[in-house]
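Enquirer: I'd like to ask some things about the structure below.
The values are calculated or read from the model by the stated rules, or taken from the named source; none is laboratory data. If you're wondering where the values come from, they're calculated on a predicted model, not measured in any experiment. Cβ placement follows ideal geometry from the backbone for every residue including glycine, while neighbour counts extend to all protein chains displayed.
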Amino acid sequence: MVHTDFMLSLIHVIQKARAAGFRVSVVNSKASIVAIGRNLTVNAARETRAEWLLFLDSDMIFPAETIERLMSHSRAIVGATYPRKILPLAFIGRRLDGAPFSLADKGVIEAARMPAGCLLIKTEIFDRMKAPFFRCGYDETNGEILGEDFWFSDHMRALGYSLWCDMELSRHVAHIGSYRFNLHDEKSA
């Protein structure tokens, strides 16, 4: 299933990027496990000799200028954070100092962990890695199971790469979720 709002965002991003002179290809990798889908996408980007790979998850909404904005930072790994899909709402990921991202953050800041739903990566990074490029992991320090994006973040930092978060863009990226709407009284249910 593809959300209509995601598709409209994607169309606007592609139109704006092409108007700015970027060559844009779209890859639709399907897998029931997100890490497998991300690895399939990396392989497709490498096969086409793409210089950059932008992950845009199908449950995201993003502004038309997303590509130009992320490219303007000249960073090997840069993206936007966005709210998680559970209450209370909070940004996903961590700043370099370990604190969660917040609306008080400004500019482009270095991150310890970034979500991958809106993440631009220079593809030459994958030439320096051994596949699989994304996998789930386990943080022995705090007993936390890591999603593929946090595992990737930790792995990139261990390889000496910096991750960057565009906080202005993050204010305009949304995570599409589902919510149960009802009008019944919880006491009488």
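Enquirer: Please determine, by comparing only the residues of the stretch 162-188 that are touching a His at 6+ places or on another chain (Cβ under 9 Å) and of a type outside the set (D, E, K, R), which one is farthest from Glu110 (Cα to Cα).
Expert: Ile176
Enquirer: If I filter the stretch 39-53 for residues that are under 12 Å from the mean Cα position of the chain (by Cα) and either at negative phi or not aliphatic (A, V, I, L, M) (or both), do I get at least one hit?
Expert: Scanning the stretch 39-53, I find at least one residue that is under 12 Å from the mean Cα position of the chain (by Cα) and either at negative phi or not aliphatic (A, V, I, L, M) (or both), so the answer is yes.
Enquirer: For the stretch 13-35, name all the residues that are assigned to a helix (DSSP H, G or I) and either in contact (Cβ under 8 Å) with a residue 40 or more places away in the chain or surrounded by fewer than 16 Cβ atoms within 10 Å (Cβ to Cβ) (or both).
Expert: Listed by number, the residues that qualify are Val13, Gln15, Lys16, Ala17, Arg18, Ala19, Val34, Ala35.
Enquirer: Of all residues being among the charged types (D, E, K, R) and surrounded by 10 or more Cβ atoms within 10 Å (Cβ to Cβ) in the stretch 94-118, which is farthest from His155 (Cα to Cα)? Just the residue, please.
Expert: Checking each candidate, the answer is Asp105.
Enquirer: Just checking, which of Gly143, Gly147, Gly137 is under 17 Å from the mean Cα position of the chain (by Cα) and more than 14 Å from Arg75 (Cβ to Cβ)?
Expert: Gly147
Enquirer: Would you mind stating whether Ser162 is touching a strand residue (DSSP E or B) at 6+ places or on another chain (Cβ under 7 Å), in contact (Cβ under 8 Å) with a residue 24 or more places away in the chain, hydroxyl-bearing (Ser, Thr, Tyr) and within 19 Å of Asn39 (Cα to Cα)?
Expert: no
Enquirer: Residue by residue through the stretch 139-152, note down the ones that are within 18 Å of Ile36 (Cβ to Cβ) and of a type outside the set (Val, Ile, Thr).
Expert: Those that are within 18 Å of Ile36 (Cβ to Cβ) and of a type outside the set (Val, Ile, Thr): Leu146, Gly147, Glu148, Asp149, Phe150, Trp151, Phe152.
Enquirer: Does Gly143 count as at positive phi, at pLDDT below 95 and not hydroxyl-bearing (Ser, Thr, Tyr)?
Expert: yes
Enquirer: Failed condition for Gly93, given (1) modelled with pLDDT of 95 or more; (2) in contact with a Ser or Thr (Cβ under 8 Å, 6 or more places away or on another chain), with all others met?
Expert: It fails just one condition, (1).
Enquirer: Listed residues Ser29, Ser9, Ser25; which is under 28 Å from Leu146 (Cβ atoms) and modelled with pLDDT under 95?
Expert: Matching residue, one of Ser29, Ser9, Ser25: Ser29.
Enquirer: Name every residue in the stretch 69-93 that is surrounded by fewer than 19 Cβ atoms within 10 Å (Cβ to Cβ) and more than 25 Å from Glu51 (Cβ to Cβ), in order of residue number.
Expert: Listed by number, the residues that qualify are Pro83, Arg84, Lys85, Ile86, Leu87, Pro88, Leu89, Ala90.
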